[in-house]
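Undergrad: Okay, handing you the structure first.
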Amino acid sequence: MAEEKDLVLSENQDLGEIIIAPEVIEIIIGIAAAKVPGVYGMRGSLASNVTELFGKASHGKGVYLTNDENGLKVDIYTYLDYGISVPKVAMEMQEKVKQQVLFMTDVELLEVNIHVVGVVAEKMEQPTLEELFNDEEEKNE
């Protein structure tokens with residue numbers, strides 16, 4: 001028998017039930033959202049960040065699923081790359097997440113709410129000491 005929080009996808013008298021844990025849907029959502037171009041990463045908790053330090057990816061981080069009488073709602077907390085169109089990337093995330101969850105679980109999401117918590121600039125290469133001092137020597141000559 002399914003726990004209260006688990007989702008029963010279908011019940012067939014002859015074959016039995018198909019039950020899916022909410023954590024599975026959170027992982028599907030996290031992977032789908034992270035694959036959208038322009039997404040730098042997902043916001044995680046301290047526990048998920050520590051887990052990643054030890055080499056294990058935490059795909060459900062930044063994803064919060066709510067199941068109420070109307071249906072499933074998801075809140076996604078994300079960091080985006082600097083220089084992209086925030087509305088375009090957010091809308092693409094909403095579409096990709098809805099499509100992927102429907103395709104993989106046959107569950108329709110009622111809402112996909114995107115929360116942009118930060119924009120991350122491109123990492124610039126640090127100049128070497130030679131490059132720094134060669135520029136100064138050329139100016140002095």
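Undergrad: Within 13 Å, Cβ to Cβ, of A33, how many net charges do the neighbouring residues add up to if Lys/Arg are +1 and Asp/Glu are -1? If you can, show how the numbers build up before the last one.
TA: Numbers: positive: K35, R43, K61, K96, K98; negative: E26, D75, E92, E95.
Result for the neighbourhood of A33: +1.
Undergrad: Using a cut-off of under 18 Å, list every residue of the range 68-98 whose amide N is near the label point 7 Å from the Cα of V8 along the Cα-to-beta-carbon line.
TA: Only 68-72 pass the distance filter.
Undergrad: Run the simple label-point estimate for T66 and V120 please: 7 Å along Cα→C-beta, distance reported in nm.
TA: 2.7 nm
Undergrad: Assuming 0.36 nm per residue, please report the length gained on full extension of the stretch E17 to E108 beyond their Cα-Cα distance. Don't jump to the answer; show the numbers that get you there.
TA: Details: separation 91, 0.36 × 91 = 32.76 nm, distance 1.84 nm.
Stretched fully, the E17-E108 segment lengthens by 30.9 nm.
Every number here is computed from the coordinates shown, using simple stated rules; none is lab data. Predicted model only: the values in this text are computed from it and were never measured. Backbone-built Cβ (ideal geometry, glycine too); neighbour counts: all protein chains shown.
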